[in-house]
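Written out below as structure tokens is the structure these notes cover.
Readers should treat all values here as calculations from the given coordinates under stated rules, not as data from a laboratory. Worth saying up front: this structure is predicted, and the values here are computed from it rather than measured. Note that we place each Cβ from the backbone using ideal geometry, even for glycine, and neighbour counts take in every protein chain shown.
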Amino acid sequence: MPDTILDVRGLETTFKTPDGIVHAVNGVSFELMEGETLGVVGESGCGKSVTMLSILGLIPSPPGKIVSGSAMFDGRDLLKLSAEELRHIRGAQISMVFQDPMTSLNPVLTVGRQLTEPLMLHLAMTRKQAEERAAELLEMVNIPRAKERLSDYPHQFSGGMRQRVMIAMALSCSPQLLIADEPTTALDVTIQAQITDLVKRLREELGMAIIWITHDLGVVAGLAQRVIVMYGGYIIEEARVNELYANPSHPYTIGLIGSLPRVDETEHKRLFSIEGVPPLLLEKPVHCPFAPRCGWAIERCWNENPTLESIGPEHRVACWVDVKKGTPR
Amino acid sequence: MVNYLVRRLLWLVPVLITVSAVTFIIMRSAPGGPWDTDPERRQVDAATEKSLNAYYGLDKPMWRQFYAYIIGDTNSQTKEWVCGMICGNLGPSYRQRGRTVQDILFAPPEGKNFWQSRFGYSMRLGVLALSMAVFIGIPLGILAALKQNTLIDYTALFIATSGISFPSFVLAIFLIIIFGSWLHWVDIVVDDWTQIKYWFMPMIVLGFGTMAYTARLTRSAMLEVMRQDYVRTARAKGLAERVVIFIHMLKNALIPVITILGPALAGLVTGSFIIETMFSFPGMGRAYVQAIGQRDYSMIMGTTVIYALLVAVANLSVDIIYVFIDPRIRLEE
């Protein structure tokens, strides 16, 4: 049985806005095993990215604030570490790849400079060693003429190549955990496939754990072992990937899976879509956050916010209704 | 790059000719002339004026005079060819007999070095004012952005806003009254500009507006850059805050700041006319204002051309600096 490398308990993050305090993450708890890949799924604005940025201390503060919770990593609570201590973990033991490769690299610094920075910082390499290693890293992510390209600037790379550079940079110090925040969302479908294949290969080679944030359940299916579904700052369902697809138990998850196009579909139907938009959480809801958009909602859903309950082996769901039977739990 | 430079330098020719032409037309349209009676001087009678006009070629048609200024003409007395502006000859001053304009502007007084010439004095003041704008304005802007919405930010913004709203001549009068009349820290009439203490006031007055503008622009550019994804990437790598600010943010934030340095220099040039006159500073700006008052045609023309050349070269330098700071910019076709 592999060890737990990340154990997040009761994380709450808020943002102060002119309209009031937005409750972006509301008591999120999850854990991650060594070498495991965890998919985090949900619509935009459901708190996926904020959860991960909170763990790494990358929330702009103010307006952001981590209200409570803990995140144990390597025997230490990341949320209690000083900025300086956290800095030595970021990029070294936990690193992150972001959504938009076009804007995530600094336009005025060479790719070489940006790649060598973490190497010289965390691994105390000399410039020369770091440059050699940087070239190897670019080769590892399949960038041709790696050595020459170190002196190029980000605008001389395509979007897919830039994301490869980002991945190379994130993996440069052999982190135990890679957090990928919608790394393929901004890319063409063909490039998306290349990037996911690349990450799969690197996972085999390097053995790091991965948290893959996405709103695309299709990508997660091929990559993750376990999936967390988030809605309105809450985890509403958690299961192993096969179990989740075979047996989705939250109306929102069912909606998400239902809105995926299927290759085996013979008749042409309109794709299913979930009515409405995710809530802007200016107040913590007393009711189930999904109730306004839910077809199964019963009276209890409007009076009490369901908690995450176990309904099977490694399968937890936050819903008052057993959607299979259509009866209250 | 070399191609581009050559092209840009060649462009200076039409620019300078146009500037000369416009100055020439405006100058000649203004009433009065170099021989006009001045209560403090001896009157010039009609016969003398005629011979003076003939000597300086002012009796020739306008186009001929302009051509003579730019290209050159034969001297009416000696019948020798005298080359014009294209040879660097800015012509004889009409008011300071026996001296050419280039001599007045660039030649230092007997026994002094080049920096003691009128041009040298103005350059030194300009460089000091520009340095103040850059070396105080940029740090002030960075500090304000990093401490956004704190007392430091508000103080910096207050300084910057007052610097932009206060005309330099008002500031000059205030400083002269406070530090000259009331506190007696500096003399109001300075005759020895070799002493450093006298340079502070004109430098501050001249540079303050530009400094304020630079600070505001740096602040807003920094605030913009702070929100960029690549700054988050830099932090995610675990870089020290110092590196994030000075390497990842500042290099991007300076791009718009450098853009305004060209126009800022033009602002310093125009500011220098007023400031040099107010402080009786022995520079080119005061000479210019005096020349205008005296209708010293060749002085006006010559000084304008020098100023135009300065601004053009400053703008060209900015475009070249651009290439080094922003790799996305290429100076090509």
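Projecting the Cα atoms of B:Y4, B:L309, B:M284 onto the charge dipole of chain B, computed from C-beta unit charges around the Cα centre, puts B:Y4 farthest toward the positive end.
Beyond 34 Å, how much of the Cα-Cα pair distribution for chain A remains, as a whole percent? Cα-Cα pairs of chain A separated by over 34 Å account for 27 percent.
Summing Cβ point charges (Lys, Arg +1; Asp, Glu -1) relative to the Cα centre of the protein assembly as shown gives a dipole of roughly 1500 debye. Look at the dipole of the protein assembly as shown built from charges on Cβ: of A:I213, B:F24, A:G295, the Cα furthest out on the positive end belongs to B:F24.
Only lysines eight or more places from A:K128 in sequence, or on another chain, were considered; those with a Cα closer than 25 Å are A:K147, B:K237, B:K251.
Taking every residue in B:257-263 and counting other chain Cβ atoms within 10 Å of its Cβ, the average works out to 0.
Here the stretch B:246-303 and the stretch A:143-160 have alpha carbon centers that stand 43 Å from each other. Would you give the gap between the C-alpha center of the stretch B:172-202 and the C-alpha center of the stretch B:98-122, rounded to a whole Å? Centre-to-centre (Cα) distance: 24 Å.
Value of Rg to Rh for chain B, rounded to two decimals, is 1.06; Kirkwood radius and Rg both from alpha-carbon coordinates.
Positive contributions from Lys and Arg (+1) and negative ones from Asp and Glu (-1), summed over other residues with Cβ under 13 Å from the Cβ of B:R118, come out at +2. All C-alpha to C-alpha distances of the stretch B:1-130, sorted into 5 Å bins beginning at zero, yield P(r) values of 2, 8, 12, 17, 17, 17, 14, 7, 3, 1, 1, 0 percent in whole numbers. Peptide A:106-116 shows a mean partner chain C-beta count of 4 within 10 Å per residue C-beta.
Order these by the 10 Å Cβ neighbour count, fewest first: A:C46, A:C173.
A:C173, A:C46
Largest GNM mean-square fluctuation among A:F290, A:F98, A:F272, using chain A with Cα springs under 10 Å: A:F272.
As a size descriptor, the averaged projected area of the C-alpha convex hull of the stretch B:210-333 was calculated at 10.6 nm². Largest first, the three principal axis extents of the alpha carbons in the stretch A:79-191 are 40, 33, 24 Å in whole numbers.
Rg/Rh for the stretch B:169-213 stands at 0.98; both radii use Cα atoms, and Rh follows the Kirkwood definition.
What average number of partner chain Cβ atoms lie no more than 10 Å from the Cβ of the residues making up B:319-328?
2
Binning the C-alpha pair distances of the stretch B:69-185 at 10 Å intervals from 0 yields a P(r) profile of 11, 21, 23, 20, 14, 9, 2, 0 %, listed from the shortest bin outward. The Cβ shell under 15 Å around A:V141 holds other residues with a net charge of +3, Lys and Arg each +1, Asp and Glu each -1.
Relative protection proxy for B:155-161, B:283-289, A:304-310, from highest mean packing down: B:283-289, B:155-161, A:304-310 (other beta-carbon atoms within 10 angstrom).
Which net charge results when you count Lys and Arg as +1 and Asp and Glu as -1 among the other residues whose beta-carbon is under 15 Å from that of B:A68? Counting the neighbours of B:A68, the net charge comes to +1.
Charged side chains reduced to their Cβ positions (Lys and Arg at +1, Asp and Glu at -1) give chain B a dipole of some 760 debye around its Cα centre. Exposure proxy shown here: for A:E132, A:E36, the number of other Cβ atoms within 10 Å sets the order, fewest to most, as A:E132, A:E36.
Sorting A:K128, B:K50 on the 10 Å Cβ count, fewest up front, what's the list?
By the 10 Å Cβ count, ascending: A:K128, B:K50.
Taking every DSSP helix (H) stretch of at least 4 residues in chain B, weighting each as -39,500 (n - 2.57) and dividing the sum by the residue count yields a mean residue ellipticity at 222 nm of -21500 deg cm²/dmol.
Largest GNM mean-square fluctuation across B:R295, B:R232, B:R28, computed for chain B with C-alpha springs under 10 Å, falls on B:R232.
Temperature 10 °C, viscosity 1.306 mPa s: under these conditions the Stokes-Einstein estimate for the protein assembly as shown, based on its Kirkwood radius over C-alpha pairs, is 52 µm² per second. Rounded to the nearest 500, the helix-only mean residue ellipticity at 222 nm of chain A stands at -9000 deg cm²/dmol, with each DSSP H run of n ≥ 4 adding -39,500 (n - 2.57). Seen through its C-alpha gyration tensor, with square-root eigenvalues sorted a ≥ b ≥ c, the stretch A:125-213 comes out oblate because a/c lies at 1.5 or above while a/b is not bigger than b/c.
Relative contact order, whole percent, for the stretch B:83-165 stands at 11, derived from Cα pairs under 8 Å and 6 or more residues apart. Would you mind classifying the stretch A:17-95 by shape? Square roots of the alpha carbon gyration tensor eigenvalues, ordered a ≥ b ≥ c; an a/c under 1.5 is rounded, otherwise it is prolate if a/b is larger than b/c and oblate if not. Oblate is the answer for the stretch A:17-95, as a/c is 1.5 or above yet b/c matches or exceeds a/b. Entry note: the stretch A:242-324 has Rg to Rh equal to 1.01, where both radii use alpha-carbon atoms and Rh is the Kirkwood radius.
Of the cross-linked pairs A:K80/A:K200; B:K79/B:K112; A:K16/A:K48; A:K80/A:K284; B:K147/B:K197; B:K50/B:K112, those separated by over 27 Å at the C-alpha level are A:K80/A:K200; B:K79/B:K112; B:K147/B:K197; B:K50/B:K112.
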